[in-house]
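> Sharing a structure here in structure tokens format.
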Amino acid sequence: MAKLSVNVDHIATIRNARGVSEPDPVAAAVLAELAGADGITIHLREDRRHIQDRDVEILRRTLKTRMNLEMALTEEMVAIALKTLPETVTLVPEGRHELTTEGGLDVILLQSTLKQKVALLQQAGIMVSLFIEPDMEQIKASHKVGADAIEIHTGMYCEVRTESERREQLRRIELAISAARKLGLVVNAGHGLDYRNVSRVAAMPGIEEFNIGHSIISRAALVGIERAVREMGVLIKG
Ligand code: PXP
């Protein structure tokens, strides 16, 4: 059965919008673990727009499950990973102006740097996953640079609008899973998955873990609103 790693970045987005200390992604991570999450995913972006260094440090000390640290392939991030020692590092491309991670990593282009950094992280006992499009050449290159795992970018599947396009994307994902597993790579998946589209990917055998954030945090806000309003109402009206 595939595992679920919950991305709590957007709890930090809400916190940072006010420049205060709540809601705390650390508290959200504890609650996600109590609800059965198999791991917690955080993306420490170079511009620190959501997760902060303090969150990474406290989560490292408090998580009971596994930490998946998403990060760009920079000297700064590699140094933070080597200090933090998350169970997994997922290397992602990062553009300053993007709203969220837009495409997969170009492993072919980055081959020589990746080979060196992947080995460095692995020597510290960290599992290294590469966030890539479901593309054969990228999968082969991921194997070649020595990655332990790939995370298949499911964004395209989530974005297409017609059933035939959706089927085509599901087929790409299926082929990618099979090719990666034949090469001995662990296969994770994520990006854009929500309560409507996740089942068809979850039904595919061979995926180790799903990394899901935005849809879970969005739903948490909506399913929690009644209780939150009721509690405030009681404080005001008794
Ligand atoms: N996987 C990776 C590599 C990501 O960058 C993100 C977004 O931070 C996710 C998964 C989660 O995507 P979403 O928030 O759309 O569920």
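The values are calculated or read from the model by the stated rules, or taken from the named source; none is laboratory data. All of these numbers come straight from a predicted model, not from anything done at the bench. Here Cβ is always computed from backbone atoms with ideal geometry, including for glycine, and neighbour counts include all displayed protein chains. Side chains are part of the model used for accessible areas, which takes the heavy atoms of the whole protein and leaves out ligands, DNA and RNA. Shrake-Rupley method; radii C 1.70, N 1.55, O 1.52, S 1.80 Å.
> In nanometres, what is the gap between the two model label sites at Met232 and Arg60, each 7 Å from Cα along Cα-to-Cβ?
Those two pseudo-labels are separated by 3.7 nm.
> Given charges of +1 on the Cβ of Lys and Arg and -1 on the Cβ of Asp and Glu, with all other atoms neutral, how large is the dipole of the chain about its Cα centre, in debye to the nearest 20?
It comes to approximately 440 debye.
> Could you pull out the trypsin sites (Lys or Arg not before Pro) across the range 11-58 that fall in loop regions by DSSP (anything but H, G, I, E, B) with no more than 16 other Cβ atoms inside 10 Å?
Qualifying residues, ordered by number: Arg48, Arg49.
> Do you know the relative contact order of the chain, to the nearest whole percent, from alpha carbon pairs under 8 angstrom that are 6+ apart?
17 percent
> Let me ask something additional. Using alpha-carbon pairs under 8 Å, 6+ residues apart, how would you state the relative contact order of the range 119-238 in percent?
Reported relative contact order: 21 percent.
> Take the Cβ-Cβ distance between Ala202 and Ala35 as r, set R0 to 22 Å, and report the resulting FRET efficiency rounded to the nearest 0.05.
It comes out at approximately 0.80.
> How about the range 1-104: which GluC sites (Glu not before Pro) there lie in a loop by DSSP and see at most 16 other Cβ atoms within 10 Å?
Hits after loop and neighbour filter: Glu46, Glu87, Glu98, Glu102.
> Follow-up. Can you classify the chain as rounded, prolate or oblate using the Cα gyration tensor, where a ≥ b ≥ c are the square roots of its eigenvalues, rounded means a/c under 1.5, and otherwise it's prolate if a/b beats b/c and oblate if not?
In terms of gyration-tensor shape, oblate.
> Out of the trypsin sites (Lys or Arg not before Pro) in the range 86-172, which ones are loop residues according to DSSP with at most 10 other C-beta atoms within 10 Å?
Listed in order of number, the matching sites are Arg96, Arg161.
> Could you please state how large a percent of the accessible area of the range 138-226 is carbon and sulfur, counting protein chains only and using a 1.4 Å probe?
53 percent
> Be a star and scan the range 7-24 for residues whose amide nitrogen sits under 20 Å from the point 7 Å along the Cα-to-Cβ vector of Leu99.
7-18
> Using 0.36 nm times the number of residues separating Arg171 and Lys140, minus their current alpha carbon distance, what extension gain do you get?
9.4 nm
> Another question, if that's okay. Any chance you could run the full-extension gain for Gln111 through Ser218? It's 0.36 nm times the residue separation minus the Cα-Cα distance, nm to one decimal.
Stretched out fully, the Gln111 to Ser218 stretch lengthens by 34.9 nm.
> Provide the per residue accessible area, probe 1.4 Å, for the range 1-94, rounded to a whole number of square angstrom.
46 Å²
> For the chain, what does the helix formula give at 222 nm: sum of -39500 (n - 2.57) over DSSP H segments with n ≥ 4, over the residue count, nearest 500 deg cm²/dmol?
Estimated from H runs of four or more residues: -14500 deg cm²/dmol.
> Mind checking which of Gly224, Leu235, Gly192 is farthest towards the positive end of the range 80-238's charge dipole, using Cβ charges of +1 (Lys, Arg) and -1 (Asp, Glu) about the Cα centre?
Going by the Cα projections, it comes out as Leu235.
> Within the chain, how many Lys pairs that are eight or more residues apart, or on different chains, come under 19 Å at the alpha-carbon?
Total qualifying Lys-Lys pairs in the chain comes to 9.
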